[in-house]
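Let me begin by presenting the structure, written as structure tokens, before commenting on it.
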Amino acid sequence: MKKWLAFVVVGLVAGTLTWPKSGVVARAAQGNPLVQLIPPGQKQVGNPGEKGATYYGLEAQTTRLTTRFRDGHEAVTERGLVGEVMTTLRDESGNERARLRLNRIDGGHDMLHFEPSGGAPFQALSDPVLVKPTLDWATRQAYSLVKDGTDDLVWDGGMMRRKGVARRDVESDIESVETVWANGLVARLTRQTYTRRQIAPGRFVQGKVLVSELTAYGAPAGTAVWFEQDRVFAYTLPGLMAGGVAIGPEDLKANYGGWPFTPDSTWLNLQIIASRHFRSLLATKGSVAKSCEPTQPSRWAAFFTPTVYANEAGCDDFHWLDGGVVRQCCDDHDRCYSKSGCDSDTWWQWWKSWSCDRCNIAVVACFFARGQIEPRCLTREGCTAG
Amino acid sequence: MTRWMRFAVGLLTFLAAHAVEVRQWSAWFGGVHPPWFLNSGRSIAFTLGCVCASSCMMALVGGSAERVRGITFAVGSFVAMTAVLFLQKGGAGSIFPIVMVVGGLGILMGSMFGAFIGAEIRLAVRGRT
């Protein structure tokens, strides 16, 4: 009897525990995150200070990155066919100091293998939340590990470093960077010092600069300069644009409140490569991406209450300028309109808000400022003090 | 010739030039963007050339007595330009005030230059009296 009773009790308990209850299903349903619906027309923008999808998309086209450091070390980082990254770091005598390999093991994780020439190798699993395995990241990581050691490593600011060791400013240790990209594009960045000069009317610059010289299949194709002290980015692309473009903090004030980040050596190389790439697409195809066609109001309705569309790529109703230096003014204006929610009803409503008017004033100022830049002044000996 | 006539001819000249551009947009003017005279270099040259030639003809036929000629003609073309800008498919773009100013200045220059040339030819033929 006791056996039977024990058997029944055990059976009941086991059945109770294993029986799928509606409560479990309900909890599972409650545990699933809700789909976040966005109202039509509402845009979601990322943090402008962070590198986004465009940056990583462009970076993914880089096949080799050669970085020379001030202390004579040189790192060559290459990307393989399936996205694996390999860095080889050598000292000023050419002796190999270390190798860092990143092997993709699934959709997002990478296995890191670090092999110092004079120490014990180790492997670690990267965290995709912390690490974007770019060539630049691998270069800086390999250099930091060689310089600071590999004991008691912790993740700090997206980099492995020894516990308790201060963050290394690798950017200031970099002397030159060569970025080999797709389509025969190669950007070579060096650090230089420019004398005081006028690159555009009223725009004087001087001091330490990062200069990126772009070549396409070996032929000169463009120059980009970041003036550290004045925080001005300027570039020129002979053959694809007349004159040059200079972007200072005041040009970004309406959209971002100034420079949302400080451009570094890798960014500058990618920026001039991207400018060349997108302008080439514009020159050959007439657009970079497929334009969005909004719903059309009736012609008479459009006449009396004209709709201002902010989503036509380039200079709306003035596409003759798309291949010129003011194209960026128009794109900035489109972004400004989009961000501020401007349309035909608000394009000039200063008595309510200046946000749309600021966009309009900024684009007019941009039109006047562009096209007056002297490209010769972007090279070191190109022009003298203004 | 009355002011209204010059205004009307200016208006019709722009509309005629625009009609040609719409019809031949792909073949003659590149055809990448919507047909509009400021969307391609060739159409800018064509439209302003038409304005200039028509204004020149107007000045030849019946010159204005005013010192600065071609303004009424330009106003007519400007009105037509504005109408086309807002009536075109999709409405005016996000920088339409700039487009109107630049387009208007181009039309004004073309019209005044044409009227000046026409008036000079007329004076040369009839003699400066």
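The figures follow:
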read-out: At 1.306 mPa s and 10 °C, Stokes D of region A:32-157 from Kirkwood alpha-carbon radius, µm² per second; value: 97 µm²/s
read-out: Which listed pairs, of A:K132/A:K253; A:K132/A:K208; A:K253/A:K352; A:K163/A:K339; A:K208/A:K352; A:K51/A:K163, have C-alpha distances above 32 Å, in listed order; value: A:K163/A:K339; A:K208/A:K352
read-out: Estimated FRET transfer efficiency (B:A8, A:Q198; beta-carbon r; R0 51 Å; 0.05); value: 0.55
read-out: Sites A:E84 and A:T190, calculated FRET efficiency, Cβ-Cβ separation with R0 45 Å, nearest 0.05; value: 0.95
read-out: C-alpha long axis of helix B:3-23 to longest principal axis of chain B, angle in °; value: 40 degrees
read-out: Local net charge near A:G258, Cβ-Cβ under 12 Å (Lys/Arg +1, Asp/Glu -1); value: 0
read-out: Net charge, A:G222 excluded, C-beta distance under 12 Å - Lys, Arg +1, Asp, Glu -1; value: +2
read-out: Chain lengthening between A:T379 and A:V154 when straightened (0.36 nm per residue, less Cα-Cα); value: 76.8 nm
read-out: Residue-by-residue Karplus 3J(HN,Hα) for region A:104-118, coefficients 6.51, -1.76, 1.60, Hz, glycine and proline x; value: 5, 10, 7, x, x, 8, 10, 9, 9, 10, 10, 10, x, 5, x
read-out: Two-site label geometry, A:A120 and A:A365: point separation in nm, points 7 Å out along Cα→Cβ; value: 6.0 nm
read-out: Cα-Cα separations in chain B greater than 17 Å, expressed as whole percent; value: 55 percent
read-out: For region A:174-187, 3J(HN,Hα) per residue [Karplus equation, 6.51 cos²θ - 1.76 cosθ + 1.60, θ = phi - 60°, Hz, x = Gly/Pro]; value: 7, 9, 8, 9, 10, 10, 9, 10, 5, 6, x, 8, 10, 10
read-out: FRET efficiency, B:R126 to A:A242 (Cβ-Cβ, R0 51 Å, nearest 0.05); value: 0.70
read-out: Highest average packing first - A:264-272, A:129-137, Cβ atoms within 10 Å; value: A:264-272, A:129-137
read-out: Point-to-point label distance, A:D331-A:Q36, nm (Cα→Cβ direction, 7 Å offset); value: 2.7 nm
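Read the figures in this text as sums done on the coordinates, not as results from a lab. These numbers come from a predicted model, not from an experiment. Reconstructed Cβ throughout: ideal geometry from the backbone, glycine too, with neighbour counts over all protein chains shown.
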